[in-house]
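Take a look at the structure set out below.
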Amino acid sequence: MDSLVTSNVRQRPVRTIISVIGVALGVALVMLFTGLARGMSTDLQRRSSNVRGEIIFTRKGSIQLTSSSANLSTKYTERLQQIQGVESVTPVIRYIYQSGSLGFDQLDGVEWDNFARMNGIQIIEGRGPQQNDEVVIDQTKAKRNHPVGSTLKIFGEKLYRVVGIYSPESGARAKVTLASLQDSLEAPGKCTYVLVKVKPSADPLAVAKQIDQELPGNNVQLTRDVFTSVENSIPSLGIFLRILVALAAIISALVVMLAMHTTITERTREIGILKAMGASRTYIISEIEREALLISAIGLIVGFIIAFGGGFLIHKTTGLIFEYGWRWALTAAIIGLVGGAIGAFYPAVRAANLDPVNALAYE
Amino acid sequence: MTMAAAQATTKQVAILKAEKLEKTYRIGKVDVPALRGVSFEVEAGEFVAIMGPSGCGKSTMLHLLGGLLTPTSGRIVIDGEDLTAASDAKRTDIRRRKIGFVFQRFNLFPTLTADGNLRLAERIHGNGSGDAERRRDVLRLLRLEDKMHHKPLELSGGEQQRVALARAVITQPALVLADEPTGNLDTENSAVVLNMFQELNSRFNQTIIMITHNPEAAAACKRVIQMRDGHIVTS
């Protein structure tokens with residue numbers, strides 16, 4: 001199609017490429033950030049969903065998203081085991097430390113056989129941890145160049161030997177013995193929480209209420225309520241994402257506006273010719289808007305390619321997980337197209353209002 | 001039969017009427033008169049040259065007739081429509097339907113082929129698919145059939161001006177306004193383009209008003225209007 005719109009896009013490659021990159025960056029930013037938040041959130045939720053103990057018994061505030069403390073006596077396990085409706089209990093230390101692709105990582109200290117039995121976890125290679133310097137990891141972590149026999153640095157320079165790989169993934173990706181973490185944290189007889197599995201015939205909520213009555217002053221929660229999504233755990237994440245989206249829209253609009261503004265200045269004479277040919281203001285505005293929309297659409301496609309390609313490469317190199325949703329993809333598409341259209345509107349109106357005689361005389 | 005149609009059967013119809021046209025530019029705090037009460041008529045099918053020295057008001061006249069400028073006073077009627085009483089949008093509409101422009105510098109769209117330039121004119125005119133027969137006749141007349149897929153920079157000056165001429169007449173305007181159409185051409189190409197103007201005028205009864213400095217170009221026209229200092233001196 002030999003239209004003014006397509007020919008301008010084709011034959012002004014530098015302008016087109018710069019504009020496309022501007023829109024694409026905005027779209028890619030939205031997709032990557034929201035994809036990362038969603039990916040990590042889903043990952044945490046998926047791992048949490050494999051924890052089969054229905055109740056978590058802990059001290060108030062001892063587990064946060066990025067911190068935890070071992071301040072609960074393991075003696076509670078005996079008391080909990082005696083409560084009606086409880087099938088089994090197992091103490092866990094959740095240790096959160098600075099590391100990994102997110103800036104923090106998690107390590108669980110567990111009584112392995114007990115914990116594995118309760119949660120239906122099996123060793124698929126090697127064996128469970130026995131000594132203080134032994135660790136077992138899930139398949140995802142093992143794929144990141146951590147085979148059985150390799151070592152992991154967890155406490156500063158302290159090396160842990162990978163002795164087994166377990167499945168399915170559940171909670172922290174690495175697990176050591178409870179004694180090992182108690183030793184390292186100098187917290188003998190302590191844990192972060194006790195995981196409680198109720199009998200099949202019992203109602204978890206009723207059992208939780210019973211525990212609360214018998215052991216007041218502690219925190220009794222259903223597991224499904226504890227491991228909420230990252231987005232819910234960090235209240236300002238949603239605001240951050242919305243600000244990011246707004247910034248991306250502004251960037252897209254500004255880049256397109258600057259590019260179209262420059263183009264209109266270059267093409268002042270052409271606008272004059274259009275006016276001499278009888279093109280109305282509406283026609284001129286619509287031609288420029290169509291050009292901006294075409295550029296934005298190309299930018300949109302490039303942006304999605306950058307987001308998917310970039311996300312894949314980042315995942316391969318850092319292990320960060322991206323999960324793209326249709327809602328955010330639609331938002332990114334609207335940002336790209338609407339941003340481009342809004343950005344082009346001022347230059348388009350300016351072009352439509354040019355004096356035809358002056359425009360025709362423009363050198 | 002309407003009165004206008006009845007009159008048309010008995011005498012030539014004035015396609016353009018300019019009455020007491022005045023145009024004064026304000027430059028800083030000084031008023032500079034460009035046209036000082038110009039009146040004339042052009043009948044359908046006429047080929048008129050407007051000549052005169054630089055600064056005599058020729059270009060201002062052409063811009064007024066094309067609705068690109070509004071006069072300070074006076075009246076312009078094109079094909080029965082009062083250009084001076086019209087709003088800016090209405091003037092644009094009259095220009096779109098009734099007027100074709102040919103410029104000294106060709107003013108083709110460089111990113112479009114010759115065909116693309118013609119189709120753009122048709123789209124603006126609101127005739128998306130165009131009149132195939134008219135199109136074929138114009139292209140044959142202007143000997144452009146084999147140049148339609150070339151971009152302006154791939155064409156000679158004479159060819160570019162022929163494409164510009166084709167673009168101006170493809171939508172069958174009542175009036176073609178040409179601003180020094182041979183000003184950027186050598187003698188040979190000027191003769192070819194003038195010949196094309198003449199053929200368009202005689203074959204399609206196309207009304208043409210051409211501004212020119214070139215006496216040879218003026219000689220190709222049926223009538224010459226001489227201007228000086230914002231006045232018509234001979235018509």
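The values are calculated or read from the model by the stated rules, or taken from the named source; none is laboratory data. Note that the structure is predicted; figures quoted are calculated from it, not measured. Neighbour counts are summed over all protein chains in view; Cβ atoms, including those assigned to glycine, are modelled from backbone coordinates with ideal geometry.
Note on the stretch B:83-127: among residues that are closer than 14 Å to B:Leu68 by Cα and among the aromatic types (Phe, Trp, Tyr), the one that is nearest to the other protein chains (Cβ to nearest Cβ) is B:Phe101. All of B:Ile208, B:Ile170 fail the test of being at pLDDT 95 or above and in contact with a strand residue (DSSP E or B) (Cβ under 9 Å, 6 or more places away or on another chain), apart from B:Ile208.
Any residue in the stretch A:353-363 that is of a type in the set (Val, Ile, Thr), within 14 Å of another protein chain (Cβ to nearest Cβ) and not in a loop (DSSP other than H, G, I, E, B)? Taking every residue of the stretch A:353-363 in turn, at least one turns out to be of a type in the set (Val, Ile, Thr), within 14 Å of another protein chain (Cβ to nearest Cβ) and not in a loop (DSSP other than H, G, I, E, B). Just wondering, is there one or more residues in the stretch A:22-42 that are touching a residue at least 40 places away in the same chain (Cβ under 8 Å), part of a strand (DSSP E or B) and among the hydroxyl-bearing types (Ser, Thr, Tyr)? Within the stretch A:22-42 (the criterion being touching a residue at least 40 places away in the same chain (Cβ under 8 Å), part of a strand (DSSP E or B) and among the hydroxyl-bearing types (Ser, Thr, Tyr)), the answer is no, since none of the residues qualifies.
Filter the stretch A:105-120 down to the residues that are charged (D, E, K, R) and surrounded by fewer than 16 Cβ atoms within 10 Å (Cβ to Cβ) and list them by number. Residues satisfying the conditions are A:Asp113, A:Arg117.
Filter the stretch A:250-283 down to residues that are buried (at least 20 other Cβ atoms within 10 Å of the Cβ) and more than 13 Å from chain B (Cβ to nearest Cβ) and give me whichever is modelled with the lowest pLDDT. Filtering the stretch A:250-283 for residues that are buried (at least 20 other Cβ atoms within 10 Å of the Cβ) and more than 13 Å from chain B (Cβ to nearest Cβ), the one modelled with the lowest pLDDT comes out as A:Ser252. Scanning for something away from chain B (no Cβ under 14 Å) and not in a helix (DSSP H, G or I), does the stretch A:43-50 turn up at least one residue? Yes, that holds for at least one residue. Kindly establish whether B:Leu64 is crowded, with 22+ Cβ neighbours inside 10 Å, among the hydrophobic types (A, V, I, L, M, F, W, C), within 11 Å of another protein chain (Cβ to nearest Cβ) and over 21 Å from A:Tyr283 (Cα atoms). Yes; evaluated as a whole, the condition is true for this residue. Is there a residue in the stretch B:145-156 that is in contact with a His (Cβ under 8 Å, 6 or more places away or on another chain) and under 20 Å from B:Pro110 (Cβ atoms)? Looking for residues that are in contact with a His (Cβ under 8 Å, 6 or more places away or on another chain) and under 20 Å from B:Pro110 (Cβ atoms), one finds none in the stretch B:145-156, hence no.
Among the residues of the stretch A:320-332, those that are of a type in the set (Gly, Ala, Ser) and either within 15 Å of the chain's Cα centre (by Cα) or more than 13 Å from A:Ala246 (Cα to Cα) (or both) comprise A:Gly325, A:Ala329. All conditions in (1) under 24 Å from A:Ile18 (Cα atoms); (2) away from chain B (no Cβ under 14 Å); (3) among the small types (Gly, Ala, Ser) hold for A:Ser286, with the sole exception of (2). Of the residues examined, A:Gly53 is not one that is on the phi < 0 side of the Ramachandran plot and assigned to a helix (DSSP H, G or I). The listed residues are A:Ile121, A:Ile137, A:Ile96, and the only one of them that is at pLDDT below 90 and closer than 27 Å to A:Phe57 by Cα turns out to be A:Ile96. Residues of the stretch B:180-218 that are among the polar types (S, T, N, Q) and more than 15 Å from the chain's Cα centre (by Cα): B:Asn184, B:Thr187, B:Asn189, B:Ser190, B:Asn195, B:Ser202, B:Asn214. Inspection of the stretch B:164-187 finds no residue satisfying the criterion of being of a type in the set (Lys, Arg), outside any loop (DSSP other than H, G, I, E, B) and surrounded by fewer than 22 Cβ atoms within 10 Å (Cβ to Cβ). If the condition is being of a type in the set (A, V, I, L, M, F, W, C) and at pLDDT 95 or above, then the stretch B:66-77 contributes B:Ile76, B:Val77. Inspection of the stretch A:138-156 identifies no residue that is in contact with a Gly (Cβ under 8 Å, 6 or more places away or on another chain), of a type in the set (A, V, I, L, M, F, W, C) and part of a strand (DSSP E or B). Scanning the stretch A:121-151 for residues that are over 23 Å from the mean Cα position of the chain (by Cα) and under 22 Å from A:Ala70 (Cα atoms), which turns out surrounded by the most Cβ atoms within 10 Å (Cβ to Cβ)? Checking each candidate, the answer is A:Val136. Determine whether B:Asp146 is under 29 Å from A:Asn8 (Cα atoms), away from chain A (no Cβ under 14 Å), in contact (Cβ under 8 Å) with a residue 40 or more places away in the chain and surrounded by fewer than 21 Cβ atoms within 10 Å (Cβ to Cβ). Spelling it out, it is not the case that B:Asp146 is under 29 Å from A:Asn8 (Cα atoms), away from chain A (no Cβ under 14 Å), in contact (Cβ under 8 Å) with a residue 40 or more places away in the chain and surrounded by fewer than 21 Cβ atoms within 10 Å (Cβ to Cβ). Taking the stretch B:121-139 as the range and being small (Gly, Ala, Ser), modelled with pLDDT under 90 and not in a loop (DSSP other than H, G, I, E, B) as the test, only B:Ala132 passes. Among the residues making up the stretch B:140-162, those that are part of a helix (DSSP H, G or I) and not hydrophobic (A, V, I, L, M, F, W, C) are B:Arg140, B:Glu145, B:Asp146, B:Lys147, B:Pro152, B:Glu154, B:Gly157, B:Gly158, B:Glu159, B:Gln160, B:Gln161, B:Arg162.
Regarding A:Arg79, is this residue within 14 Å of chain B (Cβ to nearest Cβ), farther than 23 Å from A:Ala172 by Cβ, assigned to a helix (DSSP H, G or I) and not β-branched (Val, Ile, Thr)? In short, no.
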